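Here the structure is laid out as structure tokens; the discussion comes afterwards.
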Amino acid sequence: MKYTEGFTRLVPSILTASSMIISLALLGLALKTLPVGTAYAMWTGVGAVGTALFGIWLFGDPATAARLVCVAVIVSGIVGLKFVG
């Protein structure tokens, strides 16, 4: 969303909106086979991890050891939910 500059740039705005729609559609598909709590937790966790990693990669956010450990904890929680869900 940062590249949209407040949704004033057309192409990044279209890509962002498309990504949001696809993300919600995939959540809907996941809800067919997973409990709502598990699906939503996994959906938000994947979004949080993706946002953190893209922030590091694209925007130069600090990639400190503590931040990377926190991302790893979220990923392990997502994996754990998948196995127990």
So, in the range 5-60, how many residues would count as being among the hydroxyl-bearing types (Ser, Thr, Tyr), loosely packed, with under 11 Cβ neighbours inside 10 Å, at pLDDT 90 or above and more than 18 Å from residue 80 (Cα to Cα)?
1
Can you tell me how many residues in the range 33-71 are over 14 Å from the mean Cα position of the chain (by Cα) and among the hydroxyl-bearing types (Ser, Thr, Tyr)?
3
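Collect the residues in the range 51-67 that are farther than 25 Å from residue 37 by Cα and out of contact with any helix residue (DSSP H, G or I) (no Cβ under 6 Å at 6 or more places or on another chain), keeping them in residue-number order. Step through it out loud before you land on a result.
Initial filter on the range 51-67 (farther than 25 Å from residue 37 by Cα): 54-67.
Once the filter is applied, which keeps residues that are farther than 25 Å from residue 37 by Cα and out of contact with any helix residue (DSSP H, G or I) (no Cβ under 6 Å at 6 or more places or on another chain), the range 51-67 yields 54, 55, 56, 57, 58, 59, 60, 62, 64, 65, 66, 67.
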Does the range 9-22 contain at least one residue that is more than 28 Å from residue 73 (Cβ to Cβ) and outside any helix (DSSP H, G or I)?
yes
State yes or no: is residue 74 surrounded by fewer than 13 Cβ atoms within 10 Å (Cβ to Cβ), within 17 Å of the chain's Cα centre (by Cα) and of a type outside the set (Phe, Trp, Tyr)?
no
Answer yes or no as to whether residue 80 is under 23 Å from residue 29 (Cβ atoms) and open to solvent by less than 60 Å² (accessible area, probe 1.4 Å).
yes
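The values are calculated or read from the model by the stated rules, or taken from the named source; none is laboratory data. Source: prediction; values computed, not measured. So basically every Cβ, Gly included, is an ideal-geometry build from the backbone, and we count neighbours across all protein chains shown. In case anyone asks, the SASA skips ligands and DNA or RNA and just uses the protein heavy atoms, side chains included. Shrake-Rupley method; radii C 1.70, N 1.55, O 1.52, S 1.80 Å.
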